[in-house]
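Undergrad: Structure provided below as structure tokens; questions to follow.
The values are calculated or read from the model by the stated rules, or taken from the named source; none is laboratory data. What you see is a predicted model, and the numbers here were worked out from it, not measured in a lab. FYI the Cβ positions are ideal-geometry reconstructions off the backbone, even for glycines, and counts take in every protein chain you see.
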Amino acid sequence: MIGQALNRVDGPLKVTGGATYAYEFRDGDQPLYGFVVGATIGRGRITGIDTTRVESSPGVHLVLTHQNAPAQGARDLSVPFEYWRAYPTLSSPDVHHHGEPVALVVAATFEQARTAANLVDVEYAAEQGSYDFAACQDQAYAPESLIFGIPADTAVGDVDAGLRTAEVQVDEWYTTPYEFSQPMEPPACLVVPDGDDLVVYTSCQIVDAARASIAATLELDPERVHVVTQYVGGGFGSKLRIHGETILAAMAARALQRPVKVALTRQQMFSSVSVRPTSSQRVRLGAERDGRLVAIAHEVTMHTNRHVEFIEPTATATRSLYAAPNRLTSTRLVPLDVLRGEDVRAPGEAPGLLVVESAVDELAHALGMDPVELRIRNEPTVDPERGVPYSDRHLVECLRDGADRFGWERRLPEPARRRDGRWLVGYGVAAAIRVHLQGPTKAAVRLGPDGIAVVESDMTDIGTGTYTILTQVAAEGLGLPPDRVRVELGRSEFPPSVGSGGSWGAGNSSTAVHHACTALREKLLAAASSDVRSPLHGLDTAGAVFSGGSVSIDGASEALGEIVTRNCPEGLEAEGETVLLTEEPNYGAYAIHTYGAHFAEVGVDADTAEIRLRRMLGVFSVGRVLNAKTARSQLIGGMIWGVSQALAEEGVVDMRSGGFVNRDLAQYLVPVHADIPEIDAVMLDGFDDKANVLGVKGLGELGICGAGAAVANAVFNATGVRVRDFPITIEKVLPGLPLTEV
Amino acid sequence: MLRWIAARRRTVLTTSKADETDIEPGLRDIPELSMITLRINGTKRDLEVDTRTTLLDALREHLGLTGTKKGCDHGQCGACTVLVNGRRINSCLTLAVMHEDDEIVTIEDLGEPGHLHPLQAAFVECDGFQCGYCTSGQICSAVGMLAEAAAGWPSHATADVSSSQIALTDEEIRERMSGNVCRCAAYPNIVAAIRVVAEGGPT
């Protein structure tokens, strides 16, 4: 059952419009509608808000501003993870970035709220803000450490000496832009007051974090906050924590004692949620003529909002990717008055590998060596910075298998040599590596007298397939057909998890469910073997087999439902859990990652420099696969994110206000159908016994890791033009195009 | 109605100014409601809506038909695609009051679990979605698109625009479906699902 390409169990609901997302719940009275008003300056103070015209606007029930918002808890840095911390909103007249909420207008209808929101008169004392990342590099500082206490900087050997002695060197600067998650479902919530309690239907990736953050902000007992997140219309990091929309709806619902719902507009998603920080990265590589690296240096500078430090771990993948005796990585932050950074899909690897894997291609070109071969020659035997063995590293197999499937041998090493009509055609390759993480997650499995198992966890399914994979794990764990398993997720009264994010959701939750099933089997066997009415009474349970909804021992068999009916008619339940990786010895003793190799073919119009992806293949090593269908879909989705990162996405800051100017889906470009050709993802058979008992690792982010670099390298191979300022757009390629023969 | 439009126009014009005292206060208080009858999924539905209510919000907020999704409210993502008189439109870009007597079909009418429309079944089988939020729009759009192609409407990807026969290649499908954004990027699987149905595959 585990691994099979089972169709999504929530598929029929999703394709018929029957899956209910946060904004769509109805609970209690007709809800009121809130509309957020954002700041029109990037830095300064509100000196006055006149709400008289709003309050007399038809249908308006409440206008919340910093003048009447309740006191809120502060963001407590002693809470270890940001997403669990308070998110004070309208808590002061200070403006920390353009678009920060300055008011919430609550009215009887959406139309009334939206119209009234235009009537809020806000006066500001604007101050000169810092919005220009490039111009503020002299203000860069070194953060204390990265997430989990990982060092911000590392050094092994002597990089400068290594580079001096290297026969071939690459020393280049690259930049990556601001990027946005932009899930299809905007951040949205419905908050229903219930006495002193709040029921919060919200679109989030981590229910436990949402509950903690709401409770900390509103200074409530977390037990009084009930979060419901049944379906999430995409997150990609932007819903790891709740933002102003949820806090504002909760404050309004409490004040009015009425249900209130708030959704951000698409435009507001570019100004009041979060952004992937922009970066400047210097990569220095030194190699011998045979391709062996003697020095690797990856120095990263990114923006952070001045008031809320966020550090994307952009150089960490470089620490584990290739062998070299002399190594250096560093992380610096430039404080700006721009929207706060938060995790966006594959935080760190996405911008880091885009750059490093471009630099490795530059080295291959400088060496005159095949870039697949160059990577294979630098395969480390142990993690080169931590000195520990890899748990289950198969990068070389991914590269070889991918090259074979893709027809890599047809690549012409010299750039701008292959033509197909008006198209210059190029091939590119890049490696993928993504750290595997584990966090604390609990799940309960309850078997009813009807023989149906119900899995409960506050874990979420954000399109990742959690409902489906947990169905498979429980079905296998209890020997049930999958239609005898029901998975219920996303409610804060269920056992807590660390949700969906960091590619750890599948590993955490499937391991927890597996443990719960193991414990439940023990309980069932104990009940049956000690029950004189059971055909299994007194038998040695060591050889018990669970299959088809029954348990058998030496030819004797009994249906699970009957064991439950006789012994505990209310149902038999067991819990399983995972712990934080710092408490799991394997995560210290081994370097645990997932791996992959991307191969891309692009066409570049010889006259206009229009870039089209023609085909793409990824081969991945992810340990054991839980569901071949949903896993492949996630990997392909990630690869397309990489394509988009290389060729399209870029948030552009207005240097006068610090806001983003291209704040909608017509101007912030993401791929559409016509941009994406045939793409395939292949997974190698695997089982990482160091990761967890199921041998499973997450893959929601692996697909994007390095994918953009494969595209960038293909553009170079097609044209001979190396663009180091992402995204690669027409105007950057056109001036360098080879002259076409007339 | 005309008076209201005049008042609205003044509001819009003046909100960009610091001083809006020239709006006549009485005009803003006029209830801007309209009784309409919509024919949705074969059923007549009477409702009273604010004249500013989009067809999308009428479906989601007034009629409880939340299968149609709001992704951008600006016609840029396609999540709100429904069929009006057999043609696909962005329901966020049209007002409910404009659709008296129109035949409106939403995702809820195409099929239900256990009795899926062939496209719905193909989306499940081909895994043509992940989060599911663009899915209703993709499927309604595909229904409309297949009808357009069958009627011989050419697209940017059509080699011979004078031909009345459209060969529904993958390139044609991609071009014609490009108004429907999928941020999970299930595009290859969506195209595969539509191809199955276009080729008269399993239903």
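Undergrad: So, in region A:580-609, of the ones that are in contact (Cβ under 8 Å) with a residue 24 or more places away in the chain and loosely packed, with under 15 Cβ neighbours inside 10 Å, which residue ends up farthest from A:Ser503 (Cα to Cα)?
TA: Of all residues in region A:580-609, those in contact (Cβ under 8 Å) with a residue 24 or more places away in the chain come to A:580-582, A:584, A:586-609.
If we keep only those that are loosely packed, with under 15 Cβ neighbours inside 10 Å too, we end up with A:582, A:588-589, A:607-608.
Numbers: A:Thr582: 17, A:Gly588: 19, A:Ala589: 21, A:Asp607: 42, A:Thr608: 39 Å.
In this case the residue turns out to be A:Asp607.
Undergrad: If you don't mind, there's one more thing I want to ask. So, in region A:30-60, of the ones that are more than 14 Å from chain B (Cβ to nearest Cβ) and not in a strand (DSSP E or B), which residue ends up nearest to A:Leu90 (Cα to Cα)?
TA: Top of the filtered list is A:Ala39.
Undergrad: Now for a separate question. Take B:Cys92 and decide whether it is in contact with a helix residue (DSSP H, G or I) (Cβ under 8 Å, 6 or more places away or on another chain), farther than 21 Å from A:Asp10 by Cα, touching a residue at least 24 places away in the same chain (Cβ under 8 Å) and not β-branched (Val, Ile, Thr).
TA: Here the answer is yes, as B:Cys92 does meet what is asked.
Undergrad: Let me ask another. Which of (1) closer than 18 Å to A:Gly502 by Cβ; (2) more than 22 Å from the chain's Cα centre (by Cα) does A:Gly237 not meet, given it meets every other one?
TA: (2)
Undergrad: Here is a follow-up. Count, please, the residues in region A:320-358 that happen to be assigned to a helix (DSSP H, G or I) and buried (at least 24 other Cβ atoms within 10 Å of the Cβ).
TA: The first filter runs over region A:320-358 and keeps only residues assigned to a helix (DSSP H, G or I), leaving A:320-321, A:349-358.
Now narrow it down to the ones that are buried (at least 24 other Cβ atoms within 10 Å of the Cβ): A:321, A:349-358.
Total satisfying the criteria: 11.
Undergrad: Need the failing condition index for A:Ile49 against (1) out of contact with any His (no Cβ under 6 Å at 6 or more places or on another chain); (2) farther than 29 Å from B:Arg52 by Cβ; (3) in the same structural domain as A:Asp121 (by TED's automatic domain parsing), just the number.
TA: (2)
Undergrad: Which count do you get for residues in region A:296-347 that are over 23 Å from the mean Cα position of the chain (by Cα) and hydrophobic (A, V, I, L, M, F, W, C)?
TA: Number of matching residues: 7.
Undergrad: OK, next. Inspect region A:104-116 for any residue being of a type in the set (Phe, Trp, Tyr) and either buried (at least 20 other Cβ atoms within 10 Å of the Cβ) or under 24 Å from B:Lys70 (Cβ atoms) (or both) and give the result as yes or no. Can you show your working first?
TA: Pass one, region A:104-116, residues of a type in the set (Phe, Trp, Tyr): A:110.
If we keep only those that are either buried (at least 20 other Cβ atoms within 10 Å of the Cβ) or under 24 Å from B:Lys70 (Cβ atoms) (or both) too, we end up with A:110.
So far as region A:104-116 goes, yes, one or more of its residues are of a type in the set (Phe, Trp, Tyr) and either buried (at least 20 other Cβ atoms within 10 Å of the Cβ) or under 24 Å from B:Lys70 (Cβ atoms) (or both).
Conditions (1) among the hydroxyl-bearing types (Ser, Thr, Tyr); (2) part of a helix (DSSP H, G or I), marked per residue:
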position	(1), (2)
B:Glu48	no, no
B:Ala58	no, yes
B:Lys69	no, no
B:His74	no, no
B:Ala79	no, no
B:Glu125	no, yes
B:Gln130	no, no
B:Ser141	yes, yes
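Undergrad: For A:Ile462, are the conditions met, namely being within 14 Å of chain B (Cβ to nearest Cβ) and either under 30 Å from A:Val711 (Cα atoms) or touching a strand residue (DSSP E or B) at 6+ places or on another chain (Cβ under 9 Å) (or both)? Please lay out each step first, then the result.
TA: On the way: within 14 Å of chain B (Cβ to nearest Cβ): yes; either under 30 Å from A:Val711 (Cα atoms) or touching a strand residue (DSSP E or B) at 6+ places or on another chain (Cβ under 9 Å) (or both): yes.
Answer is yes for this residue.
Undergrad: Right, next: Only one of these conditions is not met by A:Leu424: (1) within 28 Å of A:Gly736 (Cα to Cα); (2) surrounded by fewer than 19 Cβ atoms within 10 Å (Cβ to Cβ). Which number is it?
TA: Unmet for A:Leu424, out of (1) within 28 Å of A:Gly736 (Cα to Cα); (2) surrounded by fewer than 19 Cβ atoms within 10 Å (Cβ to Cβ): (2).
Undergrad: With respect to A:Lys690, is the statement that it is closer than 28 Å to A:Pro585 by Cα and more than 21 Å from the chain's Cα centre (by Cα) true? Reasoning before the result, please.
TA: Working: closer than 28 Å to A:Pro585 by Cα: yes; more than 21 Å from the chain's Cα centre (by Cα): yes.
For A:Lys690, the condition - closer than 28 Å to A:Pro585 by Cα and more than 21 Å from the chain's Cα centre (by Cα) - is met.
Undergrad: For B:Gly128, work out the one condition from (1) outside the structural domain of B:Arg39 (by TED's automatic domain parsing); (2) in contact with a Gly (Cβ under 9 Å, 6 or more places away or on another chain) it doesn't fulfil.
TA: The one condition B:Gly128 does not meet is (2).
Undergrad: Ok, one more. Report yes if some residue within region A:679-692 is buried (at least 23 other Cβ atoms within 10 Å of the Cβ) and β-branched (Val, Ile, Thr); otherwise report no.
TA: So far as region A:679-692 goes, yes, one or more of its residues are buried (at least 23 other Cβ atoms within 10 Å of the Cβ) and β-branched (Val, Ile, Thr).
Undergrad: Within region A:204-229, which residues are touching a Leu at 6+ places or on another chain (Cβ under 7 Å) and within 14 Å of another protein chain (Cβ to nearest Cβ)?
TA: Residue satisfying the conditions is A:Gln205 alone.
Undergrad: Based on what the data block shows, is A:Thr65 within 14 Å of another protein chain (Cβ to nearest Cβ), touching a residue at least 24 places away in the same chain (Cβ under 8 Å) and out of contact with any His (no Cβ under 8 Å at 6 or more places or on another chain)? If you could, list the steps in order and put the result at the bottom.
TA: On the way: within 14 Å of another protein chain (Cβ to nearest Cβ): no; touching a residue at least 24 places away in the same chain (Cβ under 8 Å): yes; out of contact with any His (no Cβ under 8 Å at 6 or more places or on another chain): yes.
No: the conditions fail for A:Thr65.
Undergrad: Can you name every residue in region B:148-189 that is more than 7 Å from chain A (Cβ to nearest Cβ), under 20 Å from A:Ile679 (Cβ atoms) and in a helix (DSSP H, G or I)?
TA: Matches in region B:148-189: B:Asp170, B:Glu171, B:Glu172, B:Ile173, B:Arg176.
Undergrad: Here's something else I'd like to know. Which one of the conditions (1) within 14 Å of another protein chain (Cβ to nearest Cβ); (2) surrounded by 24 or more Cβ atoms within 10 Å (Cβ to Cβ); (3) within 20 Å of the chain's Cα centre (by Cα) does A:Arg266 fail to meet, given that it meets all the rest?
TA: With (1) within 14 Å of another protein chain (Cβ to nearest Cβ); (2) surrounded by 24 or more Cβ atoms within 10 Å (Cβ to Cβ); (3) within 20 Å of the chain's Cα centre (by Cα) applied to A:Arg266, the lone miss is (2).
Undergrad: Could you list all residues from region B:156-171 that are surrounded by 16 or more Cβ atoms within 10 Å (Cβ to Cβ) and acidic (Asp, Glu)?
TA: The first filter runs over region B:156-171 and keeps only residues surrounded by 16 or more Cβ atoms within 10 Å (Cβ to Cβ), leaving B:157-158, B:166, B:168, B:170-171.
If the condition is that a residue be surrounded by 16 or more Cβ atoms within 10 Å (Cβ to Cβ) and acidic (Asp, Glu), then B:Asp170, B:Glu171 are the ones that fit.
Undergrad: Is it fair to say A:Glu522 is buried (at least 16 other Cβ atoms within 10 Å of the Cβ) and of a type outside the set (A, V, I, L, M)?
TA: Details: buried (at least 16 other Cβ atoms within 10 Å of the Cβ): no; of a type outside the set (A, V, I, L, M): yes.
No, not satisfied.
Undergrad: Another one. Could you list, in sequence order, the residues of region A:397-439 that are among the aliphatic types (A, V, I, L, M) and closer than 22 Å to A:Gly348 by Cβ?
TA: Going residue by residue through region A:397-439, those that are among the aliphatic types (A, V, I, L, M) are A:399, A:403, A:412, A:416, A:424-425, A:429-433, A:435, A:437.
Selection gives A:Leu399, A:Val429, A:Ala430, A:Ala431, A:Ala432, A:Ile433, A:Val435, A:Leu437.
Undergrad: Answer yes or no as to whether A:Gly720 is assigned by TED's automatic domain parsing to the domain that holds A:Ala350, on the phi > 0 side of the Ramachandran plot and either among the β-branched types (Val, Ile, Thr) or touching a Leu at 6+ places or on another chain (Cβ under 9 Å) (or both). Reasoning before the result, please.
TA: Details: assigned by TED's automatic domain parsing to the domain that holds A:Ala350: yes; on the phi > 0 side of the Ramachandran plot: yes; either among the β-branched types (Val, Ile, Thr) or touching a Leu at 6+ places or on another chain (Cβ under 9 Å) (or both): yes.
Yes, satisfied.
Undergrad: Of (1) facing chain A (nearest Cβ under 9 Å); (2) under 9 Å from the mean Cα position of the chain (by Cα), B:Cys92 satisfies all except one. Which?
TA: (1)
Undergrad: Then there's this: Within 8 Å of chain A (Cβ to nearest Cβ) and in contact (Cβ under 8 Å) with a residue 12 or more places away in the chain: which single residue out of B:Leu116, B:Leu110 fits that description?
TA: Values: B:Leu116 fails: in contact (Cβ under 8 Å) with a residue 12 or more places away in the chain.
Exactly one residue qualifies, and that residue is B:Leu110.
Undergrad: Go over the candidates B:Asp127, B:Asp73 one by one and state the one that is of a type in the set (Asp, Glu), within 9 Å of chain A (Cβ to nearest Cβ) and under 11 Å from the mean Cα position of the chain (by Cα). Reasoning before the result, please.
TA: Details: B:Asp127 fails: under 11 Å from the mean Cα position of the chain (by Cα).
Answer to the check: B:Asp73.
Undergrad: Could you list, in sequence order, the residues of region A:220-256 that are farther than 15 Å from A:Asp208 by Cβ, among the hydroxyl-bearing types (Ser, Thr, Tyr) and not in a loop (DSSP other than H, G, I, E, B)?
TA: A:Tyr231
Undergrad: Further question on the same structure: With the condition kept exactly as written, say whether any residue in region A:87-101 is within 29 Å of the chain's Cα centre (by Cα) and outside any loop (DSSP other than H, G, I, E, B).
TA: There is at least one residue in region A:87-101 that is within 29 Å of the chain's Cα centre (by Cα) and outside any loop (DSSP other than H, G, I, E, B).
Undergrad: Can you pull out the residues in region A:647-665 that are within 14 Å of chain B (Cβ to nearest Cβ) and touching a Pro at 6+ places or on another chain (Cβ under 7 Å)?
TA: Filtering region A:647-665 for residues within 14 Å of chain B (Cβ to nearest Cβ) gives A:647-649, A:662-665.
Those that are within 14 Å of chain B (Cβ to nearest Cβ) and touching a Pro at 6+ places or on another chain (Cβ under 7 Å): A:Leu647, A:Ala648, A:Glu649.
Undergrad: Additional query: Being over 23 Å from A:Val487 (Cα atoms) and aliphatic (A, V, I, L, M) is the filter here, so list the residues in region A:228-243 that pass it.
TA: We begin by selecting, within region A:228-243, every residue over 23 Å from A:Val487 (Cα atoms); these are A:237-238, A:241-243.
Scanning region A:228-243 gives a single hit, A:Ile242.
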